[in-house]
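The values are calculated or read from the model by the stated rules, or taken from the named source; none is laboratory data. This is a predicted model, so every value here is computed, not measured. Glycine also receives a Cβ, built like all others from the backbone with ideal geometry; neighbour counts cover every protein chain displayed. Accessible surface areas use protein heavy atoms only, side chains included; no ligands, DNA or RNA. Shrake-Rupley method; radii C 1.70, N 1.55, O 1.52, S 1.80 Å.
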Amino acid sequence: MVPTNYYLILSAILFGLGVLAFVFKRNIITIFMAIELMLNAVNLAFVAFSQALGKPDGEVFVLFVIVVAAAEAAVGLGIIILTARNRRSLNVERVDLLKL
Amino acid sequence: MSEILAKYGFLIVPIIKVAILVFVVLTLDAYLTWLERKVIAHIQARWGPHRVGPHGLLQPLADGIKFILKEDPMPSGVDKKAYFFAPFLTLMLALTSLAVIPFGPDITIFGYTTNFGIADVNLSLLVLFAITALGVYGIALAGWGSNSKYSLLGGLRSSAQMISYELALTLSVVGVLLIAGDLSLKHIVEKQAGDFGLLSWNIVGLSKGGGGFTQIIGCVCFFIAAIAETNRVPFDLAEAESELVAGFHTEYASMKFAMFFIGEYTSMIAVSSLFTILFFGGWLSPFPASWPLTHYLPSIILVPLGLWVVFDGLRYETILGRIILPGLGAVFILLGAGLFLSPVNELIQGPFWFFAKVGAVLFFYIWMRATLPRFRYDQLMGFGWKFLLPVSIANVVLTSAFIMWRMK
Amino acid sequence: MSGVLVIFFVLAALAVFGAVSLILQSHPIHSALSLILVMVSLAGLYLLMGAEFIAAVQIIVYGGAVMVLFVFVIMLLNAGVEERTNFSKLATFGGIPLALALGGIIAAAIARSSGNLPPPAASGAMTSTRELSKLLFSEFVYPFELTSFLILVAILGAIVLAQREN
């Protein structure tokens, strides 16, 4: 049997890598993917806790997180398409003006 | 024999099953292309393949040899990882999706009972949906990695189409799930067994156990969405040859092209199997269980078929045909005679009906390809979102309302 | 080492490899594929823990819908290889220590506080989908209904944002 700690530490590592990707990447879409990676890391912790405590509540939370992530992806990618259309670039550093 | 099976069966049996399934499915794929060309040709008043072997029966073999021997050129500027990975992914996912499909009831051979399929998992329906959901990456990556406008457009169209129709596909199944109360394909089939034969299947819904509400709306929605998911006519916009040359696989040749081809036909088989399981009772016989004479139907069909093939072969114009066709006919007759014997006869009932139904669905697929013109892209999207999705949701509401009413 | 532990380490290694590859790849499509690898291996881990429904939903929704949307947008915008600027060097110097510190703090907190949790799936049983849905439609029914509003708002937002002004 795998100790719960292993899952939680893996979750922490993935979350840290997500933060790293968030600050490190310059492409808006990749930055958005980093957020998804962090959400996934949190989901892993949720499921691990839920299974460890023998309660399915945590898994219900994961379902909610997945729904929110899907909604977020729809809106976020809409914003990205709009930005790319207006600035002709996907680099976050080129998006530095509030108004064109 | 039985001792070895009892001890190491869990290891040996799946390997044997996988080997048999892969062999059967790849052969079936090859002959499905032959059937498709032949059926479409006859619908259009042509002959179809008839040069290689009698009635073109060796055409798939010739095609296979051609695929292997052809040069495999790589266009310049491709993204190598995506270009090489895409066909493998398509074929792998298509073959994996067959692993959770039950082709018949549990069987017992040499005292070892096993399920008639590779894996028997609780959530087999969800596993199947998960695998088909990943299938879109094969097409999207092929389209993007080929560094060609046509391929990119094909990949784009296909990925948008697949996420649109997946909603309708999933929602159209919910009615069946509400009736069965289970996500396992095996249990869904078992719930459809009843005293009325084919009237107990979900499409009519007179089953004694469950809610018993006809799923004909869900059935139609599922079939339409399934055609879109497998990228077949009239939804084959990903490879619309009149606009996009060959769509996402324009830049592929040789074995890599063959992989896409085999993948497409395998996913056709998988989707047809799922359709059969969900709405047409899977391996169940269309006749009530109280009619034991129908058990001899496989033999009654096979023996005359064999006799006809022998008769046809004897007057065939080439020597090859005069050898191959009577041989094939003799095999059919022997098989038919063998199926009269009681243990084999019992064993073959499930798979016989399953493959008969899947064959009928596949024939319908081919028939549609010969009949219907291709949708325009905006029509496709409008149909998916504005018609198919609301109708599937309405089916869910109707079915659950009926079940609530029955429970009261 | 038991078989389950071996499977865990293989899947964990795949997930970490995917996450690292997400950072190192310069083309967004390759990053997206790395993220799909992470998601699929996480689904494997969920299955290992006995949360089979979550595992299936993870692949269907994340792998089959959300990431397809990402790939679609990358292909639609024809995104090229990421460009490097002066600011990205600053991000390297500032970001790596920051992220390492954050990951370290979380890992340390976990290691200190959760030592007495039983291992997941100690009973070896899978969470039944029936149980999960009962919970979702009884105790969590209000949040569940709220998510439908969220989705509605998201659909409207996406349509308004992506629509061309005429």
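Structural remarks
- Burial ranking of peptide ranges B:154-163, B:231-240, B:84-93 (average Cβ count within 10 Å, highest at the top): B:154-163, B:231-240, B:84-93
- The protein assembly as shown, Rg to Rh (Cα coordinates; Rh as Kirkwood inverse mean 1/r): 0.98
- Under 25 Å from B:Lys191, Cα to Cα: lysines that are on another chain or at least 8 residues apart: B:Lys208, B:Lys357, B:Lys408, C:Lys134
- Relative contact order computed over chain B (Cα-Cα under 8 Å; 6+ residues apart), in percent: 20 percent
- The tail of the calculated P(r) for the range C:1-81, taken as Cα-Cα distances beyond 14 Å, holds 65 percent of the pairs.
- Per-residue SASA remark: C:Ile60, around 30 Å² accessible (1.4 Å probe; ligands, DNA and RNA not included).
- By the equivalent-ellipsoid construction on the alpha carbon gyration tensor, the range B:212-255 comes out with semi-axes of 32, 11, 5 Å, ordered largest to smallest.
- Cα pair distances of the range B:127-215 binned at 10 Å [whole percent]: 16, 33, 21, 17, 11, 2
- Mean per-residue shielding of peptide B:373-386 is 0, counting Cβ atoms of other chains within 10 Å of each Cβ.
- Compactness of the range B:40-88, expressed as Rg and Dmax over alpha-carbon positions, Å: 16.8, 44
- Out of every Cα-Cα pair that the range A:4-94 contains, those further apart than 14 angstrom amount to 69 percent.
- Measuring only protein heavy atoms, the 1.4 Å probe finds C:Ser133 accessible over about 40 Å².
- The mean of 1/r over all distinct Cα pairs in the range B:275-404, once inverted, gives the Kirkwood hydrodynamic radius of 18.8 Å.
- Ranking B:His295, C:His30 from most to least accessible surface, computed with a 1.4 Å probe over the protein chains only, gives B:His295, C:His30.
- Chain B: mean projected area of Cα convex hull, nm²: 22.4 nm²
- Just the protein heavy atoms count here, and of the accessible area of the range A:23-88 at 1.4 Å, carbon and sulfur take up 72 percent.
- Spherically averaged projected area in nm², based on the convex hull that wraps the Cα atoms of the range B:80-123: 4.4 nm²
- When nucleic acids and ligands are ignored and a 1.4 Å probe is applied, B:Tyr112 ends up with an accessible area of around 50 Å².
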